[in-house]
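Accompanying notes for the structure given below.
The values are calculated or read from the model by the stated rules, or taken from the named source; none is laboratory data. What you see is a predicted model; the values in this text were computed from it and never measured. Cβ: placed from backbone, ideal geometry, glycine included. Neighbour counts: every protein chain shown. The accessibility values were calculated without ligands, DNA or RNA, using every heavy atom of the protein model including side chains. Shrake-Rupley method; radii C 1.70, N 1.55, O 1.52, S 1.80 Å.
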Amino acid sequence: MNDIAIAKAGAADGYENSRLADWVPIHFDLRDTWFPVAFSADIGTQAVRRIVHAQAYYLWRDRGRIRAAEFRPDQLEELRRSATAFTGGTGHYPVTERYGYVWAWYGNPDNADPALIPSIPFLPVDGSNIPRYTQRTVRFDAASPLSVENLIDLTHADFLHAKAIGDGRSESDIVEVQSTSETVTRTRIVTRKSVAPVMRWIGGVRAKYQDLRAVLHVHLRNNLAISYPSFSPGYAIPNVQPFVPVGRHRSRVDQTNYTVAAPAPFRWLMPRISYVIQPQDNAVLRPQNERYFDADRRRDLSSRFDAPGNRYRLVMRRLAERQRRGDFSYAADGDPSVDISAVLGMDG
């Protein structure tokens, strides 16, 4: 049994031994996907270490070319014999750059295809001219799927982040959810919502109410969340949040808040909200994540009225079950590179 097969078996055991009715986010370890493991601007000639599902990735540039390996460049030749099946025994991972990120493959390297990198239509493909002020890194003390589920949750922002992005008061609030075999998309349309304080304080919006259309598009294999909230009056705040799993209980998020179309000083200050939002989310996620440590505790429960969260859990389970059976392919409806401009509402 090779290393990939052993890793599959370990993930399968964790999934299979959990009660089917339970949601156990620490057991998900989905393969054959690209992870945005670092901002391109952070990688130079000196090797930088990143972790994906406890697997080490060393990143550096060799005469301008991006490289990714299981070992430091100075140890590569010496340790190559111990390279795993994640690199096909070569020690080198498939790696490329797009949208201002370094993308490294996690899974069978024979299946790595740049065409499987998700589309992020509001970012320049070559990563050029992405201002550094739009990029921030935060960390969460929770399994990546739990962090994504928190993001999908309809109520969390109105309660946790009301002082920054507004409370739940509105004239109407409509929520829709769609999914494919690889993605879940939640659309929220709110009319006459209380103006987001951050828009009033630093965005110059003087109206009492705003309309909001917020789309969250989640890629399941790599926990990549692409968000496009658009306020009227106000501005769109397109952002990318890749919840890269450092291990079962921690994730790293190299977030891009692409506020370049907003006026100053809002476009400069809004990305810094990550440092306000993260502690609020983490205060909820950390104790919640700890409840999954003990298998003897009572099962996880969720509301049947939470359609987006339940759809996320359902599709994640289906994908994990398919991979447990050894099927790591992408179905016809699951092409990550499909242009999602219309889905995000960028055309409207």
- Message: Can you tell me which residue is farthest from Thr259 (Cα to Cα) among those in region 136-154 that are in a loop (DSSP other than H, G, I, E, B) and open to solvent by 30 Å² or more (accessible area, probe 1.4 Å)?
- Response: Asp141
- Message: Pairs needed: first member in region 303-332, aromatic (Phe, Trp, Tyr); second member anywhere, at pLDDT 95 or above; C-beta distance under 6 Å; at least 6 residues apart or different chains.
- Response: Tyr312/Val184; Phe328/Arg31; Phe328/Asp32
- Cross-chain or 6+ apart pairs with Cβ under 7 Å, region 41-60 first and in contact (Cβ under 8 Å) with a residue 40 or more places away in the chain, then open to solvent by less than 40 Å² (accessible area, probe 1.4 Å) and among the charged types (D, E, K, R): His53/Asp29; Tyr57/Arg50; Leu59/Arg50
- Please work out if Asp42 is in contact with a His (Cβ under 7 Å, 6 or more places away or on another chain) and at pLDDT 90 or above. no
- For region 51-61, state whether one or more residues are in a loop (DSSP other than H, G, I, E, B), among the aliphatic types (A, V, I, L, M) and at pLDDT below 95. yes
- Message: Checking the structure you have, find out if any residue of region 13-23 is open to solvent by less than 20 Å² (accessible area, probe 1.4 Å), in a loop (DSSP other than H, G, I, E, B), within 30 Å of Thr183 (Cβ to Cβ) and at pLDDT 95 or above.
- Response: no
- Task: Only one of these is at pLDDT 90 or above, closer than 25 Å to Pro238 by Cα and hydroxyl-bearing (Ser, Thr, Tyr): Ser337, Ser329. Name it.
- Result: Ser337
- Query: Do you know which residues across region 271-293 are in a helix (DSSP H, G or I) and open to solvent by 70 Å² or more (accessible area, probe 1.4 Å)?
  - Reply: Arg272, Tyr275, Val276, Arg286, Glu290
- Query: Take the residues of region 91-111 that are part of a strand (DSSP E or B) and not β-branched (Val, Ile, Thr): which is surrounded by the fewest Cβ atoms within 10 Å (Cβ to Cβ)?
  - Reply: His92
- Task: Mind listing whichever residues of region 53-90 are more than 22 Å from Arg250 (Cβ to Cβ), among the hydrophobic types (A, V, I, L, M, F, W, C) and open to solvent by 50 Å² or more (accessible area, probe 1.4 Å)?
- Result: Leu79
- Task: Take region 124-135 and flag every residue that is touching a strand residue (DSSP E or B) at 6+ places or on another chain (Cβ under 7 Å) and open to solvent by 30 Å² or more (accessible area, probe 1.4 Å).
- Result: Val125
